[in-house]
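The values are calculated or read from the model by the stated rules, or taken from the named source; none is laboratory data. Nothing here was measured: the structure is a model prediction, and the numbers come from that model. A quick note on method: Cβ atoms are made from the backbone with ideal geometry, for glycine too, and the neighbour counts reach across all protein chains shown. Just so you know, the surface numbers come from the protein's heavy atoms only, side chains and all, with ligands and any DNA or RNA stripped out. Shrake-Rupley method; radii C 1.70, N 1.55, O 1.52, S 1.80 Å.
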Amino acid sequence: MTSAAVDKDAGRKSVSSAFARPVWKHGLYAAAAWLLAAIVTAAFPDVVPWGSRDVFVGLLLGGGAVLAGLAFSVEKLGGLGRGLIHYGPWLIALGLWFALWELITAKLGWMPKPFFSPPHGLLHVYIVDWQRILICIAYTARLWTIGFFSGIIIGFTGGVALGWSKTFAYWGMPVLRLIGPVPASAWIPATFFLFPTTFQASLFLVALASGIPVAILTASGVNSVNRAFYDVARTLGANNRYLVLRVAIPAALPHVFIGLFMGLYYSFAVLVVAEMLGAKYGLGWYLQFQTAYSAYANVYAMLIIMALLCSGLVKLLFVIRDRLLGWQKGVVQW
Amino acid sequence: MVATTLRAASANAAGLAIDFQTVSHQYDLDGQPLPVLRQIDLNVGPGEFIALLGPSGCGKSTLLRLAAGLERPTTGDVLEDGTSIASPDPSRVLVFQDPTLFPWRTVRDNVAIGPEARGVLAGSQKRIDDALRLVKLEAFASAFPHQLSGGMAQRAALARALVNDPHLLLLDEPLGRLDSLTRLTMQEEILSLWRHAGYTVILVTHDVEEALLLSQRVIILSERPARIKSEVVVDLPYPRRRDDPRIVAQRQTILEFLGFSA
């Protein structure tokens, strides 16, 4: 009796999965939205030519076709599929936004002309100017990498010394408290004649911007380590080296990471300003240079790249923090 | 079985004698001297288990810190087997009221701190495992402290002390924060570990009954600055029962010393 009921249920289940497989509705709507954007772009003439229109239409149609296909197969993609389903509404909004954006810029010309560009105008920039953009990314990457890492290494080491040694703290803390609050960009005029090259001046600025918050927070982290941890380690036979490397530093790491996040944001800010003032290449230089030529499409195209690069680095730091501070779960929430 | 292997690995793990010689100690509180100990004379024999009882904040913990070598007495001297104690040493370990496990280390890595700090980690792997088994935490070796209950954390702290083969175990109210059932189990564990290993134990506690159940001698301290008010020898065989009339009688005596006449 019971087994029969179970069988009946099982039968119904298999039937439903075979014939009425769920369709990802948002995927279908998104495909329709992207198709709409493609039609708007292709069907009406541009008020002025922007270039790369056909490429953009092709990309929209291709994207729409992929979304339409995914609407029936997304379930099979596992984790990636779940991510797509989560962002379904965003994909619809993106298609609608492309259509609206095309309409008010290229098709109706409502937005003032040199300042606003349709999406295919930005695409055109990537297609035409990709070599120069890559060179700029490479220049900025070199400046940021050297500046940021030398800044945080010096800041971290200095912070540990300030937090650990009373002598260091006596001489160092007043200086750090005095200089720390000054925005790194205020140093720009001085650094450009203090250093022989603008590259070195920019390096100094980025290192300063990222190093100071790391130094301050590392020092306060080392300072606020539970004294009982030191007592425990000392009764178990630890020497000073052990106390610094295996007790003070790991215990201070949550503070250090707050400093790293602050330093990361400050380094972006001062990096772009420094590049605008006296660099040959670089993201900040590119923005400045293209604005001077009223090439606003290039400016927007570069802003999108900068957004992706900066948020990517922030995300990377989050991943590293979660790796190193996994032990914090349940201890501190932030 | 595990306890015997831990002991066998350290045949020399006998207790050491601690001698407080007219020890007075004071702290500096905002420029004002704060006397905490006054003229303490106390001999603890090798392998003896003594308990320190007294009002809270009277300076009991300071006595343990002096014996551990974390501080030097202002006047007087503390001797181990006849030589003055100048600095901390893993042969004298202190277990605090809070487990003070390092939250960034797993239970096993916490237990490994002593061997690691002394540079003998590679040769101590088996001892670390033995110590974990001794406090029944082998299943939680890779857990982080925040995943442990209060009793488990305190057992881990005990394992972290015992792995160093102490000759003197200083217990600063190690059971103070535990619920009463966990407390009873831990009291039995501390007792059986001491009876197997033979180290000297100085236990600071608030609990008169705990002192009487565990120790051979109860030292009663006065209000701060603490001096020794009295001492009660508990000459009873283990295991002891809390309803033993002799324990009940001594409990009464001690409470009277502490100022409760009920």
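Within the range A:43-78, how many residues are in a helix (DSSP H, G or I) and open to solvent by 50 Å² or more (accessible area, probe 1.4 Å)?
12
Out of the residues in the range A:223-242 that are more than 9 Å from chain B (Cβ to nearest Cβ), free of Cβ contacts under 8 Å to residues at least 60 places away in the same chain and part of a helix (DSSP H, G or I), state the one that is surrounded by the most Cβ atoms within 10 Å (Cβ to Cβ).
That would be A:Tyr230.
Return the residue satisfying two criteria in turn: it lies in the range B:128-151 and is closer than 15 Å to B:Leu101 by Cα, in a helix (DSSP H, G or I) and touching a residue at least 24 places away in the same chain (Cβ under 8 Å), and of such residues it is nearest to the other protein chains (Cβ to nearest Cβ).
It comes out as B:His146.
If B:Gly114 satisfies every condition in (1) assigned to a helix (DSSP H, G or I); (2) more than 18 Å from A:Trp327 (Cα to Cα); (3) open to solvent by 30 Å² or more (accessible area, probe 1.4 Å) but one, which is the exception?
Checking B:Gly114 against (1) assigned to a helix (DSSP H, G or I); (2) more than 18 Å from A:Trp327 (Cα to Cα); (3) open to solvent by 30 Å² or more (accessible area, probe 1.4 Å), the one that fails is (3).
Among the residues of the range A:106-117, is there at least one that is surrounded by 13 or more Cβ atoms within 10 Å (Cβ to Cβ) and without any contact (Cβ under 8 Å) to a residue 60 or more places away in the chain?
Within the range A:106-117, one or more residues are surrounded by 13 or more Cβ atoms within 10 Å (Cβ to Cβ) and without any contact (Cβ under 8 Å) to a residue 60 or more places away in the chain.
Whether any residue in the range B:37-50 is of a type in the set (A, V, I, L, M) and within 14 Å of another protein chain (Cβ to nearest Cβ) is what I want to check.
No, the range B:37-50 has no match at all.
Quick one: in the range A:246-279, which of the residues that are β-branched (Val, Ile, Thr) and open to solvent by less than 20 Å² (accessible area, probe 1.4 Å) is modelled with the lowest pLDDT?
The qualifying residue modelled with the lowest pLDDT is A:Val270.
Hey, does the range B:9-18 have a residue that's part of a strand (DSSP E or B) and within 22 Å of B:Glu173 (Cα to Cα)?
Yes: the range B:9-18 contains one or more residues that are part of a strand (DSSP E or B) and within 22 Å of B:Glu173 (Cα to Cα).
Which condition does A:Val182 not pass, out of (1) of a type outside the set (S, T, N, Q); (2) loosely packed, with under 15 Cβ neighbours inside 10 Å; (3) assigned to a helix (DSSP H, G or I), if it passes all the others?
Of the numbered conditions (1) of a type outside the set (S, T, N, Q); (2) loosely packed, with under 15 Cβ neighbours inside 10 Å; (3) assigned to a helix (DSSP H, G or I), the odd one out for A:Val182 is (3).
For the range B:61-99, give me each residue that is open to solvent by less than 10 Å² (accessible area, probe 1.4 Å) and away from chain A (no Cβ under 14 Å).
B:Leu63, B:Val78
Among the residues of the range A:244-261, which ones are within 11 Å of chain B (Cβ to nearest Cβ) and of a type in the set (Val, Ile, Thr)?
A:Val247, A:Ile249
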